[in-house]
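Here the structure is laid out as structure tokens; the discussion comes afterwards.
The values are calculated or read from the model by the stated rules, or taken from the named source; none is laboratory data. Given the structure is predicted, the values throughout are model-derived calculations rather than measurements. Ideal geometry is used to build each Cβ from the backbone, glycine not excepted, and the neighbour counts take in all protein chains shown.
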Amino acid sequence: MTNKTKGKLIKGGALALDVGVPLAVTLSYFPLWVEKSAETTVSGIAVVFALLSIIPALRVLKNRVSSPAAWMVWTCLAGILIAINTIIDQAVVIAVFGAISNGAGAAVYKVGERIEKKE
């Protein structure tokens, strides 16, 4: 297996880590479907956090990623939510997991990038 292939596989794993962890925590904390009387609707908070979770994937799709910076968004969001934790305790957990996983994903992405550039 060439270094370029190894690098791409590692970078793909980093993207899966960046998107998968916050999305899994979001879906475990907030139900996707909410029943209101006879109707079932999509939970707005679950959709918002799901969209925040896929930020790294959107950046990759733009093909302009030098290194994923989504961890910074999650870290800032975690700080804000910790400050107002009496209102949204569950959102704090999601943001913290998002910051940690995206920080780890950024590190893994850098490793993949270095391996891909080796000749």
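Is it the case that residue 37 is among the small types (Gly, Ala, Ser), modelled with pLDDT under 65 and out of contact with any Leu (no Cβ under 9 Å at 6 or more places or on another chain)? The answer is yes for residue 37. When you scan the stretch 75-88, do you find a residue that is touching a helix residue (DSSP H, G or I) at 6+ places or on another chain (Cβ under 6 Å), of a type in the set (Gly, Ala, Ser) and at pLDDT below 75, even just one? Checked against the condition, which is being touching a helix residue (DSSP H, G or I) at 6+ places or on another chain (Cβ under 6 Å), of a type in the set (Gly, Ala, Ser) and at pLDDT below 75, the stretch 75-88 yields no hits at all. Taking each residue of the stretch 1-28 that is of a type in the set (Lys, Arg) and modelled with pLDDT of 85 or more and looking for partners that are part of a helix (DSSP H, G or I) and surrounded by 19 or more Cβ atoms within 10 Å (Cβ to Cβ) with beta-carbon atoms closer than 8 Å, six or more apart or interchain, yields 6/112; 8/112; 11/108; 11/109; 11/112.
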